[in-house]
Amino acid sequence: MIEKVFSLSKEFHLLIVEDNSPDGTGAIVRSMLPEYEGRLFMLGRAGKQGLGTAYIAGFKWALERDYGYVFEMDCDFSHNPEDLIKLYDACAAGGADLAIGSRYIKGVNVVNWPLGRVLMSYGASMYVDFITSLPIKDTTAGFKCYTRKVLETIDLDNIRFMGYAFQIEMKYTAWKLGFKLVEVPIIFTDRTEGTSKMSSKIFKEAFFGVISLKFKKINPKKVA
């Protein structure tokens, strides 16, 4: 993934949020840091603290530096790195505040997912739309480009959900704060190695969390 991102026609910087993974990810990234000095970074954490906290830590890291656009993506090639450029263009040239790599904006563009998983994911987005009226086809998408202003405005310390509901909460919060959300069609290819982290706890958080979002008071972050 690191080599692929750095081979793209547009230059990107890459932050790996590494939660002390037992598969040796940290050691591999550390060995590559000298080769890509100034472009590749790693944020090490003590252990698994949830998807949401990992992304928020990454967002805060980026906001401490001079980045105008901040992306989030999986590192297992289920998200095609080539689409980073499409997401960037949607914000930089297309006027989006938040560009979302969408599996469902043009039909169902998913490869290697069993039918049950597709139906659950697509149904989840329909459920979110029904409860919250969030005008997004792929509400659980995890491939996104935020403009700096969005992440500066959202009170990241007030984001409550740590599992897949985190993806819904971030989109919903940005929308309620008046930002322009745009879906960019992508093709999602399921991972060929590893297993999904979906669990009944994560599912319950998403199901009941969406209802609580409907009643959550959302205000922009207060400037100290």
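The values are calculated or read from the model by the stated rules, or taken from the named source; none is laboratory data. What you see is a predicted model, and the numbers here were worked out from it, not measured in a lab. In this analysis, Cβ positions are derived from the backbone assuming ideal geometry, glycine residues included, and neighbour counts consider all displayed protein chains.
Against the test of being modelled with pLDDT under 95, small (Gly, Ala, Ser) and either buried (at least 19 other Cβ atoms within 10 Å of the Cβ) or part of a strand (DSSP E or B) (or both), the options Gly194, Gly163 yield a single qualifying residue, Gly163. Can you find a residue in the range 52-68 that is under 24 Å from Ile187 (Cβ atoms), of a type outside the set (Lys, Arg), at pLDDT 95 or above and in contact with a Ser or Thr (Cβ under 8 Å, 6 or more places away or on another chain)? Checking the range 52-68: not a single residue is under 24 Å from Ile187 (Cβ atoms), of a type outside the set (Lys, Arg), at pLDDT 95 or above and in contact with a Ser or Thr (Cβ under 8 Å, 6 or more places away or on another chain).
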